[in-house]
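Student: First, the structure itself, so that you have it in front of you.
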Amino acid sequence: MSYREGMDAREKILDAAAELLARASAADVSTRAVCEAAGVGAPMLYRLFGDKAGLLAAVVDRGFEQYLASKRAALPSADPVADLRRGWDNHMRFALEHPNHYRLMYSPELTTPPAAAKEAHALLHGVLERCAAAGLLTVPPEAATRVVMAANVGAALSMLTRPEQYPDIRFAARLRDSVIDSLTRPADAEADAGEPHGTGRGGAVPAAAATLAARLRAEPPQRLTTVEAALLQQWLETLADPGEPTD
């Protein structure tokens with residue numbers, strides 16, 4: 001089989017799988033049905049994708065490509081928190097317009113992680129790095145990324161899998177604002193509001209540490225060795241996310 005023949009067969013299989021997935025009542029398709037629709041034998045499918053999980057991961061990546069391409073091409077505004085809110089809304093919109101692709105992406109049965117999930121996480125992290133560098137984030141960007149992604153995905157899956165319990169998309173906007181407000185602070189906020197010494201959660205020290213860490217990642221200090229820079233980042237991350245207060 002030539003390279004061109006292999007690519008043609010791959011596209012036929014992906015086209016067939018995507019069409020079947022769009023029509024399926026559940027976020028799943030059988031390899032037998034895909035082979036019949038694509039006009040290829042099972043050995044060809046397994047040669048190209050390894051197994052069913054590999055095929056479904058490739059279908060997800062292909063389905064998410066247009067969405068991720070728009071996120072890659074989006075020009076950042078002067079307000080990274082506003083960009084964060086828009087990113088949440090776009091995520092919800094894509095999920096509701098492509099329910100089976102979305103449910104499949106986050107299905108626990110998908111043992112081969114789609115590359116799209118990793119890229120979506122990285123793009124969100126990039127926005128939160130900008131929030132931190134602007135002094136608007138009160139926790140480290142990686143911690144904020146996990147919180148925002150978990151909440152965004154949870155909201156989308158709740159609406160897709162339990163529409164009778166979540167019939168109004170306005171719930172997602174309320175959750176969005178609650179989550180983002182818990183991780184950010186207004187640009188003109190008082191540094192130590194409510195905490196005189198600025199050492200508690202949301203006080204001046206965690207916010208300043210998160211900001212400095214992000215700025216140093218964007219512009220590594222030339223006067224520090226690699227080891228010194230790594231140690232400084234570790235200290236700043238500890239200060240930025242001190243954990244729950246202890247008695």
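None of the figures in this text is laboratory data; all of them are computed from the coordinates on show. This structure is a prediction, so every number in the text was calculated from the model and none was measured. Because the Cβ atoms are built from the backbone with ideal geometry, glycine has one as well, and the counts that use them run over all protein chains shown.
Student: Would you compute, for the Cα atoms of the range 69-164, the largest minus smallest coordinate along each principal axis and list the three values in descending order, in whole Å?
Tutor: 38, 26, 25
Student: Next up: Give the distance, in whole Å, between the Cα centre of the range 120-167 and the Cα centre of the range 38-106.
Tutor: Computed from Cα coordinates, the inter-centre distance equals 16 Å.
Student: With +1 on each Lys and Arg Cβ and -1 on each Asp and Glu Cβ, and nothing else charged, work out how big the dipole of the range 2-115 is about its Cα centre, in Debye to the nearest 20.
Tutor: Once rounded to the nearest 20, the dipole reads 60 debye.
Student: By counting other Cβ atoms within 10 Å of each Cβ, how are Thr225, Thr138 ranked from fewest to most?
Tutor: Thr225, Thr138
Student: Counting helices only, and only those DSSP H runs with n ≥ 4, report the 222 nm mean residue ellipticity of the chain as the sum of -39,500 (n - 2.57) divided by its residues, in deg cm²/dmol to the nearest 500.
Tutor: -22500 deg cm²/dmol
Student: Something else now. Can you put Phe171, Phe49 in order of Cβ neighbours within 10 angstrom, beginning with the fewest?
Tutor: If I rank by nearby Cβ atoms, fewest first, I get Phe171, Phe49.
Student: Ala24 to Arg85: FRET efficiency via 1/(1 + (r/R0)^6), r the Cβ-Cβ distance, R0 35 Å, to the nearest 0.05?
Tutor: Approximately 0.60, to the nearest 0.05.
Student: Run the dipole for the chain about the Cα centre, Lys and Arg Cβ at +1, Asp and Glu Cβ at -1, nothing else charged, and hand back the magnitude in debye, nearest 20.
Tutor: Charge dipole of the chain: 600 debye, to the nearest 20.
Student: Provide the gained length on full extension for the span Ser158 to Val227, in nm with one decimal, where the gain is 0.36 nm per separating residue minus the Cα-Cα distance.
Tutor: Between Ser158 and Val227, full extension yields an extra 20.4 nm.
Student: Taking Rh as the Kirkwood radius computed over C-alpha pairs, what is the Stokes-Einstein D of the chain at 10 °C in a medium of viscosity 1.306 mPa s, expressed in µm² per second?
Tutor: 77
Student: Can you tell me how much longer the chain between Thr238 and Arg47 gets when fully stretched, taken as 0.36 nm per residue apart minus their C-alpha distance, in nm with one decimal?
Tutor: 64.0 nm
Student: Report, in degrees rounded to the nearest 10, the 0 to 90 angle that the Cα long axis of helix 80-97 makes with the longest principal axis of the chain.
Tutor: For helix 80-97, the angle is close to 20 degrees.
Student: In addition: Cut-off 10 angstrom, C-alpha nodes, Gaussian network model of the chain. Which of Glu109, Glu129, Glu237 fluctuates the most?
Tutor: Of Glu109, Glu129, Glu237, the most mobile in the Gaussian network model is Glu109.
Student: Between Arg32 and Ser70, what is the label-point separation in nm under the 7 Å Cα-to-beta-carbon projection?
Tutor: Distance between label points: 3.8 nm.
Student: Taking loop as defined by DSSP and a crowding limit of 14 other beta carbons within 10 Å, which trypsin sites (Lys or Arg not before Pro) in the range 202-239 fit?
Tutor: Arg223
Student: So which residue, out of Ala208, Ala26, Ala144, gets the largest mean-square fluctuation from a GNM of the chain using Cα contacts under 10 Å as springs?
Tutor: Ala26
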